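See below for the structure under consideration.
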Amino acid sequence: SSRQALEQARAAVDELDDMRAMVKRLEEENTELRRQARHAEKEQRSLCSQAEGLQEERLLTESQGLQEQIQAQAARMASLEVSIGHGGRCWGCA
């Protein structure tokens, strides 16, 4: 019976060692997953910042285009007002 108890104790020690090794592997995996999550969060913040910058750039470009259209329309209106002031004759017309 003491031999059986010794074998059971050895089996328990082996099982405990296996569990310790598994816990260590799981802790290492957990550490790596946390590192990857922090990296992904940092990358997400960077991408959001880039997206905001691109949106601002697009809005600025659209705004500049609209301002150019407004200026062109204002010049056209001024030209029409001048032609109306000269008896309705358009200077460039035959």
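The values are calculated or read from the model by the stated rules, or taken from the named source; none is laboratory data. Just so you know, these numbers come straight off a predicted model, no measurement behind them. Glycine also receives a Cβ, built like all others from the backbone with ideal geometry; neighbour counts cover every protein chain displayed. What goes into the accessible areas is simple: the full protein's heavy atoms, side chains included, and nothing from ligands, DNA or RNA. Shrake-Rupley method; radii C 1.70, N 1.55, O 1.52, S 1.80 Å.
Here are the numbers:
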{"quantity": "Percent carbon-and-sulfur accessible area, the chain, ignoring ligands, DNA and RNA, probe 1.4 Å", "calculated": "55"}
{"quantity": "Counted charge near Glu7, where neighbours are those whose Cβ lies closer than 15 Å (Asp, Glu -1; Lys, Arg +1)", "calculated": "0"}
{"quantity": "Helix-derived mean residue ellipticity, 222 nm - over the chain, DSSP H n ≥ 4, -39500 (n - 2.57), to 500", "calculated": "-34000 deg cm²/dmol"}
{"quantity": "Among Gly65, Gln50, Val82 - extreme Cα towards positive end, dipole of the chain, charges at beta-carbon", "calculated": "Val82"}
{"quantity": "Trypsin sites (Lys or Arg not before Pro) within the chain, DSSP loop, no more than 12 other Cβ atoms inside 10 Å", "calculated": "Arg89"}
{"quantity": "Assigned charges on the beta-carbon of Lys, Arg, Asp, Glu; the chain dipole about Cα centre (debye)", "calculated": "260"}
{"quantity": "Whole-number accessible area per residue in Å² for the chain, which is evaluated in the context of all protein chains at 1.4 Å", "calculated": "95"}
{"quantity": "Cα long-axis angle, helix 2-85 against the chain (0 to 90 degrees, to the nearest 10)", "calculated": "0"}
{"quantity": "Cα radius of gyration and Dmax for the chain (Å)", "calculated": "39.2, 127"}
{"quantity": "Highest-MSF residue in the chain out of Ser49, Ser79, Ser63 [GNM, Cα springs under 10 Å]", "calculated": "Ser79"}
